[in-house]
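If you scroll down you'll find the structure; I have some questions about it.
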Amino acid sequence: MPIQPIETVRWAGDAVRILDQRRLPGGEIYLECRKVQDLAEAIRTLAVRGAPAIGIAAAYGAALAALESRTGPGYEARIEASLDLLESTRPTAVNLFKAVSTQREILAGVAAAGGDAGSVFDALLAGADRMLEQDLEASRAMGRHGASLIRPGSRLLTHCNAGGLATGGLGTALAVFYEAWDRGLLSMAFADETRPLLQGSRLTSWELSRAGIPVTVLPDSAAAGLLASGAIDAVFTGADRIAANGDTANKLGTYPLALAAREAGVPFYVVAPLTTFDPETPDGDSIRIEQRDGGEVTHLAGVRTAPEGIDVYNPAFDVTPVRLISAFVCELGVLRDGPGYAMRMLTGER
Ligand code: MRU
């Protein structure tokens, strides 16, 4: 039976309702953000995370901003300030910036037509609903295209969480796993633990188990050996930003995984919707990589594991050069010659 979407981000009357991913797999607790400030904090602290999901959350944040700003003069400027705040939360995933930019255009269009605060809210909410619906559609298409790459009995490895929790509810890399499972092609999913915030062991294993898919979690450092042993048939990951030349930012640890896959002769696929392709960023060196708090590395579950005062290097993402990527899978299909076709569709060039 096809997988039911996870309700990762939804609109709930006067709030943005998100499944709090900081609490998984311990409990399915929903947060209702009634202030843009609270939603920004939820994005910053990874209560909602994953490139498409933070874009959708920020789009609903625009509707929230319209509700918060509806009385008094200057409501348009106050909504813009809220959008600035949402954009300041996380720098790497391009989906966030595209979603906010779309909402800015909608706001400007309604305001230019003389719309009142009520019609601004209606238009921004409709814009966010559309993004959610398009993301679910894209996931279904990516699942179908990606499954065409998989042979019966396959053992597939993934990194971080590129599932329903990271999107409107179905996923990118995991949409492929779901479709492969439905078609009887998948024998075992392997999930990298994904240090330091454990998106693989906490979220991907929760999500796949919930769908009845057998999953094995491994420490990130075990992946190279597992690939070399011949136990993995293909690697599928998501992406946070795909530069015009195909260099791809994704969760820290993706680059070494791609190197290990190349060394082992295992295909390495990046699955991402068009909202993650960024024609305006020329290459991987131009992608801004988020640096996170050192406490994520010096502490485990609140307990210090490194000496006081130690220096920490904690980038949230790394960049995989396009030469290590066997193909991109997006809603348009499987792109074996780099991301050019997707970029041309986005820019309107032929
Ligand atoms: O820091 P996170 O958990 O937001 O990082 C998420 C990832 O790197 C995902 O792999 C990426 O956003 C793709 S999600 C479909």
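The values are calculated or read from the model by the stated rules, or taken from the named source; none is laboratory data. Being a predicted model, the structure only gives us computed values, none of them experimental. All Cβ positions, glycine included, derive from the backbone under ideal geometry; neighbour counts span all protein chains shown. Just the protein is used for accessible areas: all its heavy atoms, side chains included, with ligands, DNA and RNA removed. Shrake-Rupley method; radii C 1.70, N 1.55, O 1.52, S 1.80 Å.
Quick one: angle between helix 117-147 and the longest Cα principal axis of the chain, in degrees between 0 and 90, rounded to 10, please.
With rounding to tens, the tilt is 10 degrees.
I would also like to ask the following. Can you compute the FRET efficiency between Tyr313 and Ala222 using 1/(1 + (r/R0)^6), with r the Cβ-Cβ distance and R0 = 25 Å? Round to the nearest 0.05.
Working from the Cβ atoms, E equals 0.70.
Here's another thing I want to ask about it. Quick check: with the 1.4 Å probe, what order do His159, His299 take by accessible area, largest first?
If we order His159, His299 from most to least accessible, we get His299, His159.
Shifting gears a bit: Calculate how steeply helix 51-68 sits against the longest principal axis of the alpha-carbon atoms of the chain, using the helix alpha-carbon long axis, and give the answer as 0 to 90 degrees to the nearest 10.
It works out to around 10 degrees.
For the pair Leu300 and Ala113, what calculated FRET efficiency results from E = 1/(1 + (r/R0)^6), where r is the Cβ-Cβ distance and R0 = 51 Å, to the nearest 0.05?
The computed FRET efficiency comes out at 0.40.
For region 48-134, what is the accessible area per residue in Å² when the probe is 1.4 Å?
So region 48-134 comes to 36 Å² accessible per residue, rounded to a whole number.
If you count only protein heavy atoms and use a 1.4 Å probe, how large is the accessible surface of Lys98, to the nearest 10 Å²?
Approximately 60 Å² of Lys98 is accessible to the 1.4 Å probe.
Let me ask another. Given axes a ≥ b ≥ c from the Cα gyration tensor, I'd like to know whether region 143-347 is rounded (a/c under 1.5), prolate (a/b larger than b/c) or oblate.
It is oblate, given that a/c is not under 1.5 and a/b is not larger than b/c.
In terms of solvent-accessible area of protein heavy atoms at a 1.4 angstrom probe, what is the ranking of Met131, Met142, highest value first?
Largest accessible area first, the list is Met131, Met142.
How big is the dipole moment of the chain about its Cα centre under a simple scheme where the beta carbon of each Lys and Arg is +1, that of each Asp and Glu is -1, and everything else is neutral? Debye, nearest 20, please.
Dipole magnitude for the chain comes out near 680 debye.
When ligands, DNA and RNA are left out and all protein chains stay put, how many square angstrom of accessible area per residue does region 206-272 have with a 1.4 Å probe?
Here the per-residue accessible area is 33 Å².
Can you put Glu263, Glu290 in order of accessible area, largest first, using a 1.4 Å probe?
Of Glu263, Glu290, the descending order of accessible area is Glu263, Glu290.
Leaving out ligands, DNA and RNA, and with a 1.4 Å probe, what % of the accessible surface on the chain is carbon or sulfur?
Carbon and sulfur atoms account for 52 percent of the accessible area of the chain.
With each label point set 7 Å from Cα along the Cα-Cβ vector, what nm distance links Arg144 and Leu332?
About 1.7 nm separates the two model spin labels.
Taking only C-alpha pairs under 8 Å that are 6+ residues apart, what is the relative contact order of the chain in percent?
About 16 percent, as a whole number.
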